[in-house]
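Have a look at the structure below before the remarks.
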Amino acid sequence: MSFLSAAFAIGAASIALPILFHLIRRTPKEKQEFSSLMFLEPSPPVVTRRSRLDELLLLILRSLTLALLAFAFMRPFWRGNDALSLENVRGRRIVILVDTSASMRRDDIWEQAGVEVNAVINDLAEADSAAIIAFDRDTRLVADFSLDRSNIAADRKRLAETFAAIKPTWFETKFDRAMLRAIDLLNDADEQTIAGARQVVLISDLQAGGTRDDLQKLEWPDSVPVDIRTIASVKPTNSSLQLIEQNPGEPEVDGVKVRLSNSVDATESTFAIQAFNDEQSVGRTSKHGVPAGQSRTVVFKPASTDFDRIVLSGDGAEFDNTWFVARPEPATLTVRYWGKDAVDDADGSLYYFDRALREGENRTLAITTAEADALDSQPFDFHFITHAVDTLELARLVESVESGTNALVVLDSIEMARQLPGLVGQLSEVDGDRSENDPADKRLADIDFSDPLFSKFASPRFNDFTDVRFWRSVAVVLADDSNVDVLARFDDRSPAIWTRTIGDGKVFVFASGWQPTASQLALSNKFVPLLEGMVSQSLPKSLDSRGYSVGDVVTIQRPAHSATATIRTPDGAVISLDDESAEFRETTMPGIYELAIDSSTRRFAVNLSASESQTAPLQASDFEQLGVRLGVQTAQAAEYDRLRTLRDQELESQQKIWKWAIVMALAFIAAETWLSGARSRLISAAGQNSPTNGVTP
Amino acid sequence: MPQPPPNSEQRASKSVQNRLDPATLMRIKNLEWRAKAVVEGFLTGLHRSPYHGYSAEFSEYRQYTPGDDPRYLDWRLFGRSDRYFIKRFEEETNLACWILLDLSRSMGFGSVEYSKVDYARTVAASLAYFLNRQRDAVGLVTFDERIQESLPARFRPSHLRRIMVSIERSVGGEGTDLSTPLEQIAVTVSQRGLIVLISDLLTPVEEFHRRLGFLRARGHEVVVVRILDPREIDFDFDSPAMFRDSESGQEIFIDPEDAKRSYRERFQEHSAAVEEAAAQLGADVITAVTDQPIDDLLFDFLASRSRDRGGRTQRRSQTGAG
């Protein structure tokens, strides 16, 4: 027979207590009245010589009652042949997710992570198996489940050695991707019949910048608990910085704008920033205060513009304290002008075109009005057309656009529109032009802000074009053409700006000029950004002057005739680019990268993702709210105990032996009550005749 | 020569002849009758025994002591008893006697068929009856921790009745306090006389000694009749029990096997101290065990009186008996 609550056997031991106390009677029930105790001292308690058990039958009944009650509380049951063996209980399959993102580089966090990983590995029992996935923005299966379960010590060693070779990276954190990968790995293991209770162990600093939204897309399986082991930094304060680019339309500042951010759990709030060129400081330190959990945008004025990094100091984590800056190399924009405007004629389009693009950022403008034949010998970056061209010129232009050179056509008249269908598209209907004196001047409406040309104006601060009036325009109706995209219309629904893709190039078409005689566009603050947008799409892909984040793909446009192209990484490694490669994916660390194409060199900056600077830790409940089930899977031995306990409880609830014990106890109580009463009556009847002793007067 | 007081052999001889069993005596419910039975039986025994030297008329005679006037020798009595007795006249018998009866709770103990207090009442009543028969004035004070009743010493038939009633009526009290009644008597009783203290004396000896001293200082003669139960002397109990002090209510566990020896030693020490204290003050202590006939006590009482008178100056001048 077995018991669910064997501890209640202590209750049965209580039967012995009254008997024991009877034998070692410290306060015998006999009382003796005596005249005076002045000659007496208390005697020590001894086992009385005449210790005997009276009323044996009553004692037996009472003892049996107590024993039965204790027996009932012990919840007895018969196990029989239904035994659970250890072999029936499976071990665990554990996926260890190790966070290798940039925030794990702080002070001794990585060492702590190592301790946790090794603790999980050492806790593996004979029936368990484990795999290790290192994750940041991507996941890497560094150690798979071992199919050989015969040697757990060897498996532990394999896992430990594999982990020892892992190092934290500079990438940001994607918790959701890692955890979904873990689920997939466990499911794959099921298919390979590696049985076991499933468990995910997440070892991370749980920095708040890590993504986890995709966890909502999955219904977390109940059979996979997640054991989250948070690694905490001893220095919680983490401040970061970010250079802010000038937005179009914003007033110019004297210096550079830097956004300083401080972590939510910060204990420090005063920081200093300083510019450096390589390792040399440029100017003095600038101090700023940023409360915990807040950001401040400050204007920082280095002593000179010749700096490639801004360094922050004053917090406890240095991994995100450097913002790298790479000034783009100046480029020359070569434009072939097709028109009759003089560059200094304020009534013509070229005047404003030249002035808008002349002083570009790290760019020079070269406008050429060479003959058409020159197209063969000299490549141009852009065609600017303000007048009709002859057939030959049109053919050459179309060919040039097809090869990848973009063009801008400003329709000045209906004739011009009719002569350039190859560039501007088929026009199904052409209306007369509007004179300047037409009171119904037009404004732009229905602008496609998703197009790259207008995307910079998408912000509500910049998307108002209603103050730009057009009083000379060419009203057309475009035929259906899949290569034509209307980017803006006038308020009378006629197209104002559209593009037509021809081969590898694109033609931008303006239905109205921008000079004051045609519209207010050249005089508006939208004009320069519009033109810059067109030429930026037309220039060879240049490196983003704002820099890149770690892990970003850098698109590199190599000239067809270039012989060699290499990139030097911040740690000094030189990576050769294939002839075909147009994307560089090795942005694995922050710093200044140098792109060398033949003899020319350009630099670009790669910085840490801002999300990695949000180092305040998440809570485990943040994952629970997304449906993740938290918990620890029991080891085989513990699982065996649990299952056996469940089975025992089931058996006991079926057999209910305790009820019979209670019934018997009640029966004994009834018998004892009757017998005790009968004995009391007998004794009291006999006691009336006994002599008295110690009777007081 | 005057006969010495009866010794233990004589006493034993008398007990063989006609001693009254206390248990039987106690069955006499009426206290006065009981006392009368004791005294008459005692006096009758005196007649029969050739040794005791006393007669029924003893109340009119007293034993000769050196220094007495031989003219008052009763020669007829000498012829009968071979002992010298002096006739005592009525005036000589006017002894004032106070009986102090302790009715505290400790007196309520008894291991025989009756308690010490029942025995003590009988002793007190018997003494009162006896003294009254001798034409002595008898008074009574009953007490526990305070005086319950107090009757002056008188020689009147009705007074004896009052004493009997008082003895019988008084109920058992709480604690024992000898000092208060003895002190009060010492203050209120101006006439010198005989003080008979009937108590178990289960109190500290020092207190007893001091209060007794007051009485002796006043010139009283003191006889202490100590009433004890047989088990108070030998502590002959069988089984361990919680022993409860009848006065304080305190309970302690006692194993008689273990405690008997030390009890007896301490009891004997206390008894010796009591007798020492009494002897220092010239008082007699008569120990009366409740399983012993009261006659013995009367013998001892008389013997005690005889010793006292032998060594003291006569209170009254002796006159010849007619």
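The set of residues from segment B:31-84 being at pLDDT below 70, open to solvent by less than 30 Å² (accessible area, probe 1.4 Å) and assigned to a loop (DSSP other than H, G, I, E, B) comprises B:S49, B:H52, B:G53, B:Y54, B:S55. Exactly one residue out of A:F276, A:F307 is open to solvent by less than 40 Å² (accessible area, probe 1.4 Å) and either farther than 30 Å from A:L357 by Cα or not in a strand (DSSP E or B) (or both), and it is A:F307.
Scanning segment A:575-629 for residues that are more than 17 Å from the chain's Cα centre (by Cα), surrounded by fewer than 19 Cβ atoms within 10 Å (Cβ to Cβ) and assigned to a loop (DSSP other than H, G, I, E, B) returns A:D578, A:D579, A:E580, A:S581, A:A582, A:R585, A:E586, A:T588, A:M589, A:D598, A:S599, A:R629. Go through the residues of segment A:680-691 one by one and say whether even a single one is at pLDDT below 75, within 22 Å of B:F237 (Cα to Cα), away from chain B (no Cβ under 14 Å) and exposed (fewer than 15 other Cβ atoms within 10 Å of the Cβ). The answer is yes; a qualifying residue exists. Taking A:S653, is it part of a helix (DSSP H, G or I) and loosely packed, with under 15 Cβ neighbours inside 10 Å? Yes; evaluated as a whole, the condition is true for this residue. Pairing residues of segment A:276-293 that are within 15 Å of A:V325 (Cβ to Cβ) with residues that are at pLDDT 90 or above and among the polar types (S, T, N, Q), at Cβ distances under 9 Å and at least 6 apart in sequence or on separate chains, gives A:F276/A:T322; A:S281/A:Q274; A:V282/A:Q274; A:G283/A:Q274. Counting the residues of segment B:227-249 that are under 30 Å from B:G213 (Cβ atoms) and of a type in the set (S, T, N, Q) gives 2.
From the set of residues in segment B:149-172 that are within 14 Å of chain A (Cβ to nearest Cβ) and farther than 21 Å from B:V223 by Cβ, which is most open to solvent (accessible area, probe 1.4 Å)? Among residues in segment B:149-172 that are within 14 Å of chain A (Cβ to nearest Cβ) and farther than 21 Å from B:V223 by Cβ, the one most open to solvent (accessible area, probe 1.4 Å) is B:R169.
The values are calculated or read from the model by the stated rules, or taken from the named source; none is laboratory data. Just so you know, these numbers come straight off a predicted model, no measurement behind them. Glycine also receives a Cβ, built like all others from the backbone with ideal geometry; neighbour counts cover every protein chain displayed. The area values use the complete protein model at the heavy-atom level, side chains included, leaving out ligands, DNA and RNA. Shrake-Rupley method; radii C 1.70, N 1.55, O 1.52, S 1.80 Å.
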